[in-house]
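Peer 1: Following this message is one structure expressed as structure tokens.
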Amino acid sequence: MYLGRILSVGMSTDGKPFVAYRVSSRSFPNRQAKKGEDEAAIIPKEGFETDIFKNTYIAYNCIKIVGDTAIVSNGSHTDVIADKISLGMSIKDALGYSLLTMDYEKDDYNTPRIAAVINCACSENDYECYVGIVTDEKLLVEKVGFGEAVFISTYECNNPEIVKFSAENADEAAQLIFDGGAFEEFEKPVTSAASVYDGKWDISVLTP
């Protein structure tokens with residue numbers, strides 16, 4: 001089954017907050033995830049830089065860390081959500097506002113924008129985690145319960161689904177969403193990125 005872009009968010013089976021993201025692509029497979037200090041970006045591989053002129057949606061920050069909060073998405077709205085949170089907007093409002101204002105991608109497929117935000121609190125009273133999607137038919141922002149993990153995708157799976165996410169660190173999380181566990185059956189993986197909180201947010205990327 002082809003799901004397109006996939007993200008997962010919540011708490012791992014070890015009780016660690018995490019975000020994870022995977023590019024699956026039929027049209028633009030020559031991409032890679034690059035790690036920065038507080039972000040991970042999806043960019044074309046060397047020799048395919050001109051692909052961004054064919055489709056402006058294929059390069060973006062997919063993960064961004066703002067203080068104790070991690071943001072993950074399939075497009076430039078990662079930065080918009082991060083900016084709103086850095087200005088003091090709540091996680092839920094920043095997610096909903098950014099999806100509403102940026103709307104779905106105006107490409108040949110009306111590709112949905114998906115995103116999620118989570119803080120690093122491991123106490124149920126302080127914990128916040130939300131996942132959202134905007135399509136050409138709906139806008140959804142949904143809370144993820146303490147101790148749970150979900151995934152959502154641009155195609156086929158447009159509602160959050162509970163998933164068992166077994167990863168002790170960012171390296172394992174990037175590998176898991178790329179081709180492990182529940183994600184193994186999904187077609188055409190290209191690259192992935194993940195961040196797991198274990199005293200600090202650690203980012204890892206995977207491009208085979």
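The values are calculated or read from the model by the stated rules, or taken from the named source; none is laboratory data. Keep in mind that this is a model prediction, so the values were computed, not measured. Glycine also receives a Cβ, built like all others from the backbone with ideal geometry; neighbour counts cover every protein chain displayed. Just the protein is used for accessible areas: all its heavy atoms, side chains included, with ligands, DNA and RNA removed. Shrake-Rupley method; radii C 1.70, N 1.55, O 1.52, S 1.80 Å.
Peer 1: Could you please give the count of residues in region 128-169 that are open to solvent by less than 20 Å² (accessible area, probe 1.4 Å) and without any contact (Cβ under 8 Å) to a residue 60 or more places away in the chain?
Peer 2: Step one: list which residues in region 128-169 are open to solvent by less than 20 Å² (accessible area, probe 1.4 Å), which gives 129, 131-135, 144, 149-154, 157, 163, 165, 167.
Next, only the ones that are without any contact (Cβ under 8 Å) to a residue 60 or more places away in the chain stay: 132-135.
Final tally of qualifying residues: 4.
Peer 1: Do any residues in region 105-118 that are part of a strand (DSSP E or B) have Cβ atoms under 9 Å from those of residues that are buried (at least 24 other Cβ atoms within 10 Å of the Cβ) and aromatic (Phe, Trp, Tyr), where the two are at least six apart or on different chains, and which pairs are they?
Peer 2: Every condition considered, the pairs that remain are Ile118/Phe18.
Peer 1: Only one of these conditions is not met by Ile42: (1) closer than 14 Å to Val117 by Cα; (2) crowded, with 21+ Cβ neighbours inside 10 Å; (3) in contact (Cβ under 8 Å) with a residue 24 or more places away in the chain. Which number is it?
Peer 2: Checking Ile42 against (1) closer than 14 Å to Val117 by Cα; (2) crowded, with 21+ Cβ neighbours inside 10 Å; (3) in contact (Cβ under 8 Å) with a residue 24 or more places away in the chain, the one that fails is (1).
Peer 1: Same structure, new question: Go over the candidates Ser86, Ser12 one by one and state the one that is of a type in the set (Gly, Ala, Ser), within 21 Å of Tyr197 (Cα to Cα) and open to solvent by less than 20 Å² (accessible area, probe 1.4 Å).
Peer 2: Details: Ser86 fails: open to solvent by less than 20 Å² (accessible area, probe 1.4 Å).
It is Ser12.
Peer 1: Being in contact with a strand residue (DSSP E or B) (Cβ under 8 Å, 6 or more places away or on another chain), open to solvent by 10 Å² or more (accessible area, probe 1.4 Å) and aliphatic (A, V, I, L, M) is the requirement here; does Ala70 meet it? Give the steps one after another, and end with the answer.
Peer 2: On the way: in contact with a strand residue (DSSP E or B) (Cβ under 8 Å, 6 or more places away or on another chain): yes; open to solvent by 10 Å² or more (accessible area, probe 1.4 Å): no; aliphatic (A, V, I, L, M): yes.
No, not satisfied.
Peer 1: If you don't mind, another one. Mind listing just one residue for me: the one in region 1-58 that is of a type in the set (Ser, Thr, Tyr) and farther than 17 Å from Thr78 by Cβ and, of those, farthest from the chain's Cα centre (by Cα)? Walk me through how you get there before you give the answer.
Peer 2: Let us first name the residues in region 1-58 that are of a type in the set (Ser, Thr, Tyr), namely 2, 8, 12-13, 21, 24-25, 27, 50, 56-57.
Okay, now just the ones that are also farther than 17 Å from Thr78 by Cβ, so 2, 12-13, 24-25, 27, 50.
Working: Tyr2: 17, Ser12: 15, Thr13: 19, Ser24: 12, Ser25: 15, Ser27: 20, Thr50: 24 Å.
Top of the filtered list is Thr50.
Peer 1: Does Ile63 fit the bill of being more than 18 Å from Phe151 (Cα to Cα) and touching a strand residue (DSSP E or B) at 6+ places or on another chain (Cβ under 6 Å)? Talk me through it step by step, then tell me what you get.
Peer 2: On the way: more than 18 Å from Phe151 (Cα to Cα): no; touching a strand residue (DSSP E or B) at 6+ places or on another chain (Cβ under 6 Å): yes.
No: the conditions fail for Ile63.
Peer 1: Also, quick follow-up: Restricting the search to region 172-207, which residues are part of a loop (DSSP other than H, G, I, E, B), open to solvent by 20 Å² or more (accessible area, probe 1.4 Å) and without any contact (Cβ under 8 Å) to a residue 24 or more places away in the chain?
Peer 2: Glu184, Gly199, Lys200
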